[in-house]
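This report concerns only the one structure given below.
Every number in this text was worked out from the coordinates using simple rules, so none of it is lab data. Only a predicted model underlies this, so the values are computations on that prediction, with no experimental measurement involved. With ideal geometry, Cβ positions are generated from the backbone for all residues, glycine too; neighbour counts draw on all protein chains shown.
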Amino acid sequence: MKDAPSSKWWGWGDPDKRFDLSLRPYFFSNLKSILKIENAPHLFPPPLEKISVPETKLDHEEILALEKILSPEGIWLSSKERITHAYGKSFRDLMRIRYGIFENIPDAILIPRSEADILRILEWAQQNKIAVIPRGGGTSVVGGVEAVSDPTQRKRVVLDMRALNRVLSISETDMIAEVETGIFGGDLETQLNQKGFSLCHFPESFQYSTLGGWIAARSAGQQSTLYGKIEDMVESLRLITPAGVVDSLPVPAAANGPDWDQLIIGSEGIFGIISRARMKLKILPQEKYYTAYLFNSFEAGMAAVQEIIRQGILPSTVRLSDSTETDFIFSLREISSAFSALLDRNMQKWFAWKGFVPHKRSLLILGLEGTLPKVKYEKAAIKKIFKHYTVFHLGSKVGNGWYRHRFENPYLRDELLGYELIVDTLETATEWGNVEHLHAAVKSAIEAAFRELEIKGVVMAHLSHLYTTGSSLYFIFLAKPHRGRALEEWTVIKRAASDTIVENGGTISHHHGVGIDHRPWIRKELGTLQLQLLRQMKKQFDPAGILNPGKLLPTENET
Ligand SMILES: Cc1cc2nc3c(=O)[nH]c(=O)nc-3n(C[C@H](O)[C@H](O)[C@H](O)COP(=O)(O)OP(=O)(O)OC[C@H]3O[C@@H](n4cnc5c(N)ncnc54)[C@H](O)[C@@H]3O)c2cc1C
């Protein structure tokens, strides 16, 4: 079995990597002055061995039964494994770790090696009324992997998919790969690339998340404008439920009733375990062109990128930052010498003189991928569209810089959490006619929450994942809470933003999913009949209600 990539249990990614704030003095001094940060970092994750962990609630007989199914190597009971499988990677998860709050620690981690193992585990769990929490990479940012249980199940096990990680076949004729879903993004992509193919699905969490997690949470990659979300990439899948195994038909399209796969994709582990999927492949793009532009306003940038999509051009990446995010990204550049700092200041003056003023300008990262003639044609067409706007071509150095560092930003969050800052993201989607309104409404709701809480904060956003009919909007907010109150104050901000999203024509999530955190807004978003149907499907697949309790479906008092 290929090992899962090692990652920090208390933060993001490679344990040997960190985001060096000292290389970005402009960024940090800017942030410090906005948030009035005076203190040095003071909030650190506790040593793993000092955390007190309750005894597993599984009794001797239950452990023996599990050993029969999995062999002793397939059951992890150590405190270390139980703690490191307790949470995902949301702000709430990582802040609870730093505050030393460990809730819902699972009783065991189970490592199935085959689909037969999964079936037997589900049968055992159903008989014993034990909650089963499916887990891929554990990068959920909505509480999707937390081992909560309902009152009928005091015991909880995590079903960790890491050992089901084989690429079973790659068909060059059908352009399909059949893959076990515990495979991590990097491993899958390497194996596909060796055959000249790619899945072309690159979420920011790519290296640490799995195919199963992507499908179960309806993920979107950074190149989704061209290649689609994960739901566009699945041809068929296998779902293992306590009631039996369901396979969807491996055909490119069918008119055999509602789309089966689309009822399973996004089910967040509450119906069953997605054990394998037949994924649609793309030929590795011959050309990748990444570049950057500066618009004189976010509104102008929005009109320009909308025009690109209207004309049928699908860039791989469109990331258009509002003015606050643009200024932050400018300040994030690495400054290595006094000379470059001077050059920087002159450049800034020049931009302002040309009309690209701070607090107004808008940065666009644009990616084009495909064959050489296609990319060439698209470049020319976009140039023609941009002639109608006040826009400056920053060039491919900036675009390539973004592309090279596209998986690095999550490391910054860990540094800022050390200062006990609230650092979180929100994402939604809406139709074009509503994008500007929703952007303004969510920003002002978050700013109002900062005022209500009497804390300093900043909120920024970008458009990404574009469609002919609309776009996703991605918000980032940073705030300095009162000491020891980051979690309560985060809840107030999150509630204000989420209420505003659903009241103003957005979806509660474009690609992070529902999990625990978005559950209170699901009833409003789906309505009674749709929810009843979901509940009936859950009952059909999982009559004892053992699978991933507390996720996706609202609780009684939320409905
Ligand atoms: C820094 C960071 C950046 C991120 N960037 C992106 C991004 O760009 N785009 C994006 O879409 N998301 C992003 N995410 C969110 C997260 O990575 C995605 O939701 C991802 O799809 C989760 O994959 P995972 O393997 O980690 O799944 P997990 O977190 O382990 O699980 C996610 C959900 O799926 C269920 N599940 C997992 N595997 C299975 C299975 N085989 N069968 C049934 N249910 C299963 C779990 O129970 C849980 O409900 C980001 C998260 C972080 C922390």
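Projecting the Cα atoms of Pro72, Ser22, Ile34 onto the charge dipole of the range 21-109, computed from C-beta unit charges around the Cα centre, puts Ile34 farthest toward the positive end.
With +1 on each Lys and Arg Cβ and -1 on each Asp and Glu Cβ, and nothing else charged, work out how big the dipole of the range 243-374 is about its Cα centre, in Debye to the nearest 20. Using only the charged Cβ atoms, the result is roughly 440 debye.
Using C-alpha pairs below 8 Å separated by at least 6 residues, the relative contact order for the chain is 18 percent. Of the peptides 149-157, 410-418, the ranking by mean beta-carbon count within 10 Å, highest at the top, reads 410-418, 149-157. Volume per residue of the convex hull around the Cα atoms, evaluated for the chain, comes out as 156 Å³. Stokes-Einstein at 20 °C, 1.002 mPa s, Kirkwood radius from Cα pairs: D for the range 357-462 in µm² s⁻¹? Answer, rounded: 122 µm²/s.
Within the range 10-128, the proportion of C-alpha pairs whose separation exceeds 21 Å stands at 56%. With the largest listed first and rounded to whole Å, the semi-axes of the equivalent ellipsoid of the range 191-335 from the Cα gyration tensor are 35, 17, 17.
Straight Cα distances below 28 angstrom link Lys129 to the lysines Lys57, Lys68, Lys80, Lys89, Lys155, Lys538, Lys539, Lys551, with same-chain residues fewer than 8 positions distant left out. Mind listing which GluC sites (Glu not before Pro) in the range 160-205 are in a DSSP loop and have 11 or fewer other Cβ atoms within 10 Å? Of the GluC sites (Glu not before Pro), the ones in loops of the range 160-205 whose Cβ has at most 11 other Cβ atoms within 10 Å are Glu172. Dipole of the range 345-472 computed with +1 at Lys/Arg Cβ and -1 at Asp/Glu Cβ about the Cα centre; of Leu364, Tyr389, Leu463, farthest Cα towards the positive end is Tyr389.
Dipole size of the range 372-445 about its Cα centre, with +1 on Lys/Arg Cβ and -1 on Asp/Glu Cβ: approximately 880 debye, rounded to the nearest 20.
With coordinates expressed along the principal axes, the C-alpha atoms belonging to the range 460-501 extend over 45, 18, 10 Å, beginning with the largest.
Comparing Cα centroids, the range 278-308 and the range 354-418 end up 8 angstrom apart. Would you work out which of Leu159, Ala445, His201 lies farthest towards the positive end of the dipole of the chain? Charges go on Cβ: Lys and Arg +1, Asp and Glu -1. So the residue furthest toward the plus end is Ala445. When peptides 543-550, 532-539, 254-261, 508-515 are ranked by their average number of other Cβ atoms within 10 Å per residue, the highest-first order is 508-515, 543-550, 532-539, 254-261. This model, with +1 at the C-beta of Lys and Arg and -1 at the C-beta of Asp and Glu, gives the chain a dipole about its Cα centre of some 1460 debye. Centre-to-centre, using Cα atoms only, the range 85-146 and the range 157-193 are separated by 21 Å.
The share of Cα pairs per 10 Å bin across the range 183-265, counted from zero up to the longest distance, runs 16, 45, 32, 7 percent. For the range 112-174, the C-alpha radius of gyration divided by 2.2 N^0.38 Å, with N the number of residues, is 1.40.
Here the average projected area of the convex hull drawn through the C-alpha atoms of the range 160-202 stands at 2.9 nm².
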